[in-house]
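Step one of this worksheet: look at the structure below.
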Amino acid sequence: MTHAIVAALAIDDFDAALQSGLLDGDGCPNCTLACRHWLLAESDARRFALAARERFRKREARMARKQQERLARRAPPQGATPVLAPLPPAAAAALARAKERAAGRNKT
């Protein structure tokens with residue numbers, strides 16, 4: 001079984017190595033000490049990578065949840081219509097004059 005793991009890792013087939021028991025085994029007792037240490041290091045590296053991927057997925061889910069909560073807080077209540085404040089008199093007069101000028105230009 002260990003030799004199948006080593007063969008899979010040699011060709012970067014991590015799926016086959018995981019299916020062969022990369023995360024489960026301690027190595028073959030007939031293998032050299034260097035081979036067992038290398039296999040243990042590869043196993044630790046995969047565990048670290050899998051843990052990092054899980055942390056990343058949890059973080060992404062947490063960030064999406066917070067974004068949804070933030071959007072829900074910003075949304076106006078259901079059925080509420082926004083109340084616009086009236087323009088100050090000077091601004092209303094200036095707007096009316098601008099509309100008149102624009103209407104006069106469009107007639108020609």
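Read the figures in this text as sums done on the coordinates, not as results from a lab. Keep in mind that what you see is a predicted model, and the values were worked out from it rather than measured. With ideal geometry, Cβ positions are generated from the backbone for all residues, glycine too; neighbour counts draw on all protein chains shown.
Structure notes:
- Matching option when the condition is out of contact with any Phe, Trp or Tyr (no Cβ under 8 Å at 6 or more places or on another chain) and under 30 Å from H3 (Cβ atoms), among L40, L84, L71, L95: L40
- Those helices (runs of 4 or more DSSP H) lying entirely in the chain with at least 2 residues acidic (D, E), free of Cβ contacts under 8 Å to residues at least 24 places away in the same chain and surrounded by 10 or more Cβ atoms within 10 Å (Cβ to Cβ): 33-74
- Test: residue in segment 51-61 that is of a type in the set (G, A, S) and closer than 30 Å to A4 by Cβ: yes
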